[in-house]
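*Asks:* Quick one: this structure, given as structure tokens, is what I'll be asking you about.
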Amino acid sequence: MTAPGLHPSVRRSIAGRSNCVRSLWLIGLAVLLGGLGALSVTIGSRDVAWADIVAALADGRDTIGRAAVALRIPRTLLAVLAGSALGLAGAVMQGVTRNPLADPGILGVNTGASLAVVIGVARFNIASADAYIWTAIAGAGLTAAFVYTIGSMGRGGATPLKLALAGVATSIAFSSLVTAVVLPRNDIAGGIRSRQIGGVGGATFERILPVMPFLAVGLAIGLLSARRLNSLALGDELAAGLGERVAPARAVAALGAILLCGATTAVCGPIGFWARSCRICAAC
């Protein structure tokens, strides 16, 4: 923010420099991400050469190294997509709840999506990718509405602290419900437990492609909601005084976060940033 007494040309110059620095940071981070992605493909239990990577991209799997690369590429792509989706969803949730600690794990949204998938598998025998995605998104949406309702009760409405407490309590309760649903079903317990760990191991393009439209829509909604979220950060009354429609803005932004969380949970399980580990395929 620049001082109000500065000349307009000076303010434009400072703003231009700030945008330039921001662009350089974005370019640097993109290059870093590309480098880490390349390392993810080349380094593992079996290191591979660049020639194997080029051959694998051309659909060549005639050697163990090239076959390992063919398995690592979708895994790396899914890791980037899942991390980006959950990161953006967390940023949106922080803006919606005005809580800098908010994320899909703390607010219980990922756990709700996972519970919905477990119930769908155990009670309705869902098996298709589309069914997983829609079930996870529905679970994420219902959980978000539930947490916000609980956090809105009492004096002061939906405060950041009450929302965080409601989310943590809901996450713990839903985790227990997942166990209760799985215990009587030994036939699906192994697959469900493996899925509940969360991770990107065993990723394939066939698993990734169905969630791409949902991630794209969630990304678009999240980016388009950025300006409104900045207004909401000032407080509901001030945002309304600036002409912002608070409730619709919050609902639309939350919809984007729900799509991102639900789609990611459908393909990766309830993955999070603090205590989840990637399941690495033994062939890699």
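*Asks:* Search segment 160-186 for residues that are of a type in the set (Val, Ile, Thr) and pair each with any residue that is surrounded by 15 or more Cβ atoms within 10 Å (Cβ to Cβ) and assigned to a loop (DSSP other than H, G, I, E, B) when their beta-carbon atoms are under 6 Å apart and the residues are at least 6 apart or on different chains.
*Replies:* Every condition considered, the pairs that remain are 170/108.
*Asks:* Shifting gears a bit: What is the one condition in (1) under 25 Å from residue 204 (Cβ atoms); (2) touching a Ser or Thr at 6+ places or on another chain (Cβ under 6 Å) that residue 112 does not satisfy?
*Replies:* Among (1) under 25 Å from residue 204 (Cβ atoms); (2) touching a Ser or Thr at 6+ places or on another chain (Cβ under 6 Å), the lone unmet condition for residue 112 is (1).
*Asks:* Can you tell me which residues in segment 194-215 are assigned to a helix (DSSP H, G or I), in contact with a helix residue (DSSP H, G or I) (Cβ under 7 Å, 6 or more places away or on another chain) and among the aliphatic types (A, V, I, L, M)?
*Replies:* 208, 211, 215
*Asks:* Same structure again: Can you find a residue in segment 172-180 that is aliphatic (A, V, I, L, M) and touching a Phe, Trp or Tyr at 6+ places or on another chain (Cβ under 9 Å)? Steps first, please.
*Replies:* The first filter runs over segment 172-180 and keeps only residues aliphatic (A, V, I, L, M), leaving 172-173, 177-178, 180.
Restricting the remaining residues to those that are touching a Phe, Trp or Tyr at 6+ places or on another chain (Cβ under 9 Å) gives none.
Scanning segment 172-180 turns up no residue that is aliphatic (A, V, I, L, M) and touching a Phe, Trp or Tyr at 6+ places or on another chain (Cβ under 9 Å).
*Asks:* If only one of 183, 229, 223, 219 is surrounded by fewer than 14 Cβ atoms within 10 Å (Cβ to Cβ), out of contact with any strand residue (DSSP E or B) (no Cβ under 8 Å at 6 or more places or on another chain) and closer than 21 Å to residue 88 by Cβ, which one is it? If you could, list the steps in order and put the result at the bottom.
*Replies:* Working: 183 fails: closer than 21 Å to residue 88 by Cβ; 229 fails: surrounded by fewer than 14 Cβ atoms within 10 Å (Cβ to Cβ); 219 fails: surrounded by fewer than 14 Cβ atoms within 10 Å (Cβ to Cβ).
Testing whether each residue is surrounded by fewer than 14 Cβ atoms within 10 Å (Cβ to Cβ), out of contact with any strand residue (DSSP E or B) (no Cβ under 8 Å at 6 or more places or on another chain) and closer than 21 Å to residue 88 by Cβ leaves just 223.
*Asks:* Within segment 94-140, which residues are in contact with a Gly (Cβ under 6 Å, 6 or more places away or on another chain) and small (Gly, Ala, Ser)?
*Replies:* Hits for segment 94-140 are 105, 108, 112, 113, 116, 136, 139, 140.
*Asks:* Suppose we filter 257, 239, 282 for residues that are modelled with pLDDT of 85 or more and either in a helix (DSSP H, G or I) or surrounded by fewer than 20 Cβ atoms within 10 Å (Cβ to Cβ) (or both); which single one remains? Give the steps one after another, and end with the answer.
*Replies:* On the way: 239 fails: modelled with pLDDT of 85 or more; 282 fails: modelled with pLDDT of 85 or more.
None of the others qualify; the one that does is 257.
*Asks:* Check whether at least one residue in segment 146-160 is buried (at least 18 other Cβ atoms within 10 Å of the Cβ), over 22 Å from residue 100 (Cβ atoms) and hydrophobic (A, V, I, L, M, F, W, C), and report yes or no.
*Replies:* no
*Asks:* Now for a different question. Could you list all residues from segment 25-46 that are within 28 Å of residue 269 (Cβ to Cβ) and either β-branched (Val, Ile, Thr) or modelled with pLDDT under 80 (or both)? Talk me through it step by step, then tell me what you get.
*Replies:* Initially, segment 25-46 is screened for residues within 28 Å of residue 269 (Cβ to Cβ), giving 29-30, 32-46.
Hits for segment 25-46 are 41, 42, 43, 44, 45, 46.
*Asks:* Among the numbered criteria (1) modelled with pLDDT under 80; (2) more than 22 Å from the chain's Cα centre (by Cα); (3) of a type outside the set (Phe, Trp, Tyr), which single criterion is violated by residue 247?
*Replies:* Result: residue 247 passes all but (1).
*Asks:* Could I ask something else about it? Among the residues of segment 80-96, is there at least one that is surrounded by fewer than 17 Cβ atoms within 10 Å (Cβ to Cβ), at pLDDT 90 or above, over 20 Å from residue 194 (Cβ atoms) and of a type in the set (Val, Ile, Thr)?
*Replies:* yes
The values are calculated or read from the model by the stated rules, or taken from the named source; none is laboratory data. Keep in mind that what you see is a predicted model, and the values were worked out from it rather than measured. Heads up, the Cβs are rebuilt from the backbone with ideal geometry, glycines too, and the neighbour counts pull from every protein chain shown.
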